[in-house]
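Computed from the coordinates by the stated procedures, all read-outs in this text should not be read as laboratory data. Here the structure is a predicted model, which means the values were calculated and not measured. Neighbour counts are summed over all protein chains in view; Cβ atoms, including those assigned to glycine, are modelled from backbone coordinates with ideal geometry.
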Amino acid sequence: MVMACRVINKRRHMGLQQLSSFAETGRTFLGPVKSSKFIIDEECHESVLISSTVRLLESLDLTSAVGQLLSEAVRAQNNTYRTGTSTLLFLVGAWSSAAEECLHMGVPVSLIVSVMSEGLNSCIEEVVSLEVPVHHVFDHIDNTKTFSGLETFSVSLGPFLQIPSDTGLMQKEHDLKDVAPQPLTIHNLSGRPVKSPQLFRPQAKVEADTNMSQTPQTLKNSLLADTCCRKSVLIHSRHLNRTDNSQQISKPDGFLEQHGAATPQAYRCNDLVELEVGLSHGDDSSMKLVEAAAQLQYQNVRTQQGSCAMPFMFDISRIFTCCLPGLPESFSCVCPGYITVVSTSSTTLIKELQNQPIRVVLIEGDLTENYRHLGFNKSANIKTVLESMKLPQDSSEELWINRVLEILIKFNVNLILAQGNVSEHLIEKCTHSKRLVIGSVNGNVMQAFAEASGAVQVAYITQVDENCVGNGVCVTFWRSIPLDVVDTVDGMAIMLKTEGINLVTVVLTSPVTAHMQSKEDRFWTCASRLCYALKEQKVFLGGGAVEFLCLSHLQILAEQSLSKGNQACSGWLHNTSSWLASSLALYRPTVLQCLANGWHKYLSTLIYNTANYSSEFEASTFIQHHLQNAIDSGSPSSYILSEYSKLNSGIFNSGISNKLGQIPRVYDIVTPKIEAWRRALDLVLLVLQTDSEIITGLVHTEINSQSLRSWEDCLSRLELKLRDSSDTVLARHPLFRNNAGEPPLARKVANFHS
Amino acid sequence: MSRLEAKKPSLCKSEPLTSERVRATLSVLKGIVTSCYGPSGRLKQLHNGLGGCVCTTSQSSALLANLSVTHPILKILTTAMQNHVSCFSDCGLFTAILCCNLIENVQRIGLTPTTVMKLNKHLLRLCISYLKSEVCGCRIPVDFSSTQILLCLVRSILTSKPACMLTRKEIDHVSALILRTFLLTIPENTEDHIILGKSIIVPLKGQRVIDSTVLPGILIEMSEIQFVKLLPVKKPGSLKVALFCASLSGDLSDTGEGTVVVSYGVSLENAVLDQLLNLGRQLVSDHVDLVMCQKVIHPSLKQFLSMHHVIAIDRVGVALMEPLSKVTGTRPIGSLGSVSPSTYGSVKDWCTAKFGFKHFFHLIPNEATVCSLLLCNRSDTAWDELKVTCQTALHVLQLTLKEPSVLLGGGCTETHLAAYIRHKTCNEPESILKDEGCTQTELQLITEAFCSALESLAGSLEHDGGEILTDLKYGHFWSVQADSPSIVNWSNLLSRCGCGLRNSQEELSWSFLRSTCHPFAPQTCLPHEAAGSANNLTLDCFTAKLNGLQVAVETANLILDLSYVIEDKN
């Protein structure tokens, strides 16, 4: 008994444990219903409200090596795709537990690495069968004209993630109200979970209960997600074309004939609104704005290019968000041009500039006297002396301002947009001479104005000549809101526009200032989802369908390799000559099963978070039930598709009642999702293969040479300790928890769940 | 007032190797390098503990550079390894492990350093002359008319670095890319001397590895604004190029010490700018089409140039200067004075390209032996590892071009060599005994120490508790699961040897590597068809390994020979 216990302890991999505990903090962000969290800094009593993985990791103190790798992975995913970070974080947690479990069972590290990596590859190949092509969605746009389409859909989501859509938002508002007055009950920076059961559970429960009573059958079948009125057959499924699987699908030809011929365009997504609703993942309000922005951009581009131009690309770099906290939600809207907040002191100026085309100058950097372009080194040792007794009358800044004004007057410029800061003094002077100066303008906005007005961006105002000045910009107040409302935002919003400018501003408003950031984040998430779907011209059937296919595929692979032995997996290892290759068959089912458990956990958490189930156990049972059905059916992907058509033919629609025709599909984007999976597994495998942490880079000073010496002492001590220990490999390395005490080379890592 | 302190006496330690601390540290160092070795080697996280970036690696270069070592003995070792890696890129861990193994083994037998050194050197000579000889059984000549062996070589290098996090498909893709990159650097018209071109690795982090690609010419990254401005300017035909290494930013870079006194009203900045604009005028009148600058170009000068339809690209960076000057035939201009027309060069064409989120100015030279390898990987740490690995692979290909041979990898060369040396010293000891003047026992002891150092080096490839066998015909490396039943039909349990050349069905017999078996003569003379059928072999760089072997033995000799360490305490 004692022996067994020791072995288990030595097999604990500290890096993996850290990963799973870090990942645990983001569990509630999975799925469309995201519970917000408060992060409170105990020292300065500041708090932030966060509702996304990226913001969570930004706020956590992840200084340990593993923590840093994790936040690096999340940041990279976010920078590249702006979506998929919650999936990434969750899978990191799920798969690091899976890898640890494999270690527990004595699977060699190299085998865990190759089987997991190839297992995921196999999943990624498999899910191609659930891709839905997206083509010509903008062809129908001229017919619909307005974007009222969304309104009709806004009530519901795909059934797998079925919740009355408003509750998500409402719940968050409730949360906020409830939480705000009692910050003491929440948590501190060291990372205890924010979600406090007393506060949140009751609402979730109520919601779950109403759902349960309402549609028990829907829930049962909701896994298969699609309740779209159209039939769905995927003729391009690799599954159907594969010879070795043909016995599983009894009559492939008949299958295709039956459905495919009946509705030729059924397996495509040709409708922009359908696509948007599918990609909104419960965030209708953001998606509505995205849709409006896309439409506006489309119309813009079409009028510029004429009808015969290149295919339209949704370009999110030409969308700008302007956050106005303090205004009611209903003020959120999408407008052509650039909307920004300026100080109320410019009111009269704006009034005068209104209703006339004005000339603009674009400044790349700061607009201050001391600003020099990047790469210019100021010499510190230059001293100016006066040769005569005549003192200059003006300070050098005043001289500079006069110079600037001269130039502006010379070229008749009334608007200056600068990417950097602007000298306060200059703004004042310019306001007097009826010129509007706006600083801190986003680079993409500058670019849009440069294109539309013909202005050329310059670094210094002295560079301005006739060629650099742009024409025809209009300034107006935004929406002519009563000033007393706009005042609450410490300034007033104005709108700048030029004929044909390819720029759309999305105004985001929220009465709750703390919500502003997450609102902006959510908008961008939706925008990038749509952008990727259009760019890749394909989406996945969403609502967990792809993950479910991965789960059942791995399950089948595991069972196959149990029965078939070694044949199925030749070539799964880099190094085929090693003994590991021959013992692959022995361990493969175990590792695949563990990997599949990760998907299982993902799906259970997803539907548990969606509040359809009162416990994760229930959710897990639900998944298990469908998993069994899918495996028994022989081909999981056809099982998924057939369940789709059953839903469509109306057998299970009683629960959804008359809304059926309006319940849209749920879609997921392809590459960002797959990359999130890969990134998650890569991180887990990287940490799994790591056995030591070496702390380096000490500054070479007198004091630190002491610590340099102590590095060697440290190693010697470590070695001495190792000599006492009987276990050879695992105990040697600090990342494996050592019974004898704190590993000398490993940094202490704050434990999140003490 | 400064105060003089009396000098401290120097500290002298004798027999440094006998110190427990040195032994222990050496053994930990060995543990670190050994655990990194091979395709299933374990990774190390290197970071500064203060929130700096985390480097996950199993490369000797990264490890040795970051282990802060103070003891002179360890310093000798790490410096020797670093020197080897800087010259040959590959086989750093091999060298370090072998050196540690040799020191450890020799220390155990307790012979006098002179005998040890003499015999070690002799055995080294035996190894080298065998590896270089025609009859060598672990060397394959490289046939440059087919890519097979070269691809295997590159693939072996990529596979041996697990921190690159590549799947098999990605390994195939990157191997092919590396080989293409290498081929692009070979000039087409060769005379007596081949001067290889240069390949530049361009980072594109965050993208999929599969998106990596190689392009002839040079890619210069630039901002989107610059990119957009460039789009409309396009002139057919070749372009006249000026390349500046001096900063054109308009600052007064070297005012030196002291203070510059300027009268009120005089602006030095404007004076410099005027000078820059004069330079611009000269460039325009010389009909230069493309101005590139290592550092920053003043915005006003840029504006002036673009007004005259001259493309100005700044912030090229020091790394690109040499290849740029090479492919364009320019001499980098270092002053703002008048420019001699002889410094100008030319390029064939240029275009703009966008990869991932980055915008590039793509320069297409007249005679291209310079190419850009656009390398992608998902995470920063995996990208860094992949970059170093690619550089290693490219270097190894160059070394192979010079010396067209490769060695069998996967531990087979080491076990084969050990078997050869054992057999040689056992059967023909006379000449050695005569040359070196030592006894038979001494020779046996040293041979044992030397050969088991090689064998346990091969054994370090195993990290998951397997056991190592060697066959008694070729002396190749075979791995088997631990605790396999002792009376077993090996040929059914084993499949292929470490390098992949030998099949277990060839009627071989095996013995455990560390068991005391009778010395046997491993079969020499690799048959030619073996090299031809090489499809999935694990191969090592011949030159790098040979040098590694020499460095390891010589460094071990040097360390074993140390009798005093004198430390200046001041």
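Between the beta carbons of residue B:515 and residue B:567, assuming R0 = 56 Å, the FRET efficiency works out to 0.80 to the nearest 0.05. Length gained on full extension, residue B:21 to residue B:505: 169.4 nm, using 0.36 nm per residue less the C-alpha separation.
Pair-distance distribution P(r) for chain B, from all Cα-Cα distances in 20 Å bins starting at 0: 18, 41, 29, 12, 1 percent.
Be a star and scan segment B:531-570 for residues whose amide nitrogen sits under 20 Å from the point 7 Å along the Cα-to-Cβ vector of residue B:3. The answer is B:570, whose backbone nitrogens lie closer than 20 Å to the label point. Spin-label model, residue A:386/residue B:193: points 7 Å from Cα along the beta carbon direction are separated by 6.6 nm.
What the Cβ-Cβ distance of residue A:465 and residue B:308 gives, at R0 = 22 Å and to the nearest 0.05, is a FRET efficiency of 0.95. Summarising the amide proton neighbourhood of residue B:499: residues at separation of 5 or more, or on other chains, whose placed amide H is nearer than 5 Å comprise B:412, B:477.
Need one value for B:535-544: mean number of C-beta atoms belonging to other chains within 10 Å of its residues' C-beta atoms. Mean inter-chain Cβ contacts per residue within 10 Å come to 1. For residue B:208, neighbours were defined as the other residues whose beta-carbon sits under 9 Å from its Cβ, and their charges (Lys and Arg +1, Asp and Glu -1) total -1. Note on residue A:432 and residue B:53: the model spin-label points, each 7 Å out from Cα along the C-beta direction, lie 5.0 nm apart.
Beyond 21 Å, what share of the Cα-Cα pairs of segment B:256-378 remains, rounded to the nearest whole percent?
49 percent
What's the average, rounded to a whole number, of partner chain beta-carbon atoms within 10 Å of each residue's beta-carbon in A:377-386?
6
Here's the picture: charge each Lys and Arg Cβ at +1 and each Asp and Glu Cβ at -1 in segment B:107-264, and of B:259, B:165, B:243 the one pushed furthest to the positive end of that dipole is B:165. For residue B:426 and residue B:134, the FRET efficiency from 1/(1 + (r/R0)^6), where r spans their Cβ atoms and R0 equals 25 Å, is about 0.60.
Using only side-chain charges placed at the Cβ, +1 for Lys and Arg and -1 for Asp and Glu, the dipole size of segment B:262-360 relative to its Cα centre rounds to 320 debye. Taking segment B:427-484 on its own, what percent of its Cα-Cα pair distances exceed 12 Å? Summing the P(r) tail past 12 Å for segment B:427-484 gives 73 percent. Spin-label model, residue A:104 to residue B:524: label points 7 Å out along the Cα-to-beta-carbon direction sit 5.7 nm apart. Close amide-amide hydrogen proximity is noted between residue B:56 and B:46, each under 5 Å apart and 5 or more residues distant or on a separate chain (H modeled in the peptide plane; Pro and chain starts excluded). On full extension, the segment bounded by residue B:439 and residue B:12 gains 150.3 nm, given 0.36 nm per residue less the C-alpha separation. Inter-chain Cβ neighbour count for A:464-471, averaged per residue, equals 1 (cutoff 10 Å, partner chain atoms only).
Using Cα atoms only, what is the angle between the long axis of helix B:20-36 and the major principal axis of chain B, expressed in degrees (0 to 90) to the nearest 10? Computed tilt is about 70 degrees.
P(r) tail, segment B:450-518: Cα-Cα pairs separated by more than 15 Å, 49% of all pairs. For segment A:21-129, what class follows from the C-alpha gyration tensor (a ≥ b ≥ c being the square roots of its eigenvalues): rounded when a/c is under 1.5, otherwise prolate if a/b is larger than b/c, else oblate? Here segment A:21-129 falls in the prolate category.
Amide H contacts of residue B:374: B:202, B:213, B:214, B:215, each under 5 Å away and 5 or more positions distant or on a separate chain (H built 1.01 Å from N in the peptide plane; Pro and chain starts excluded).
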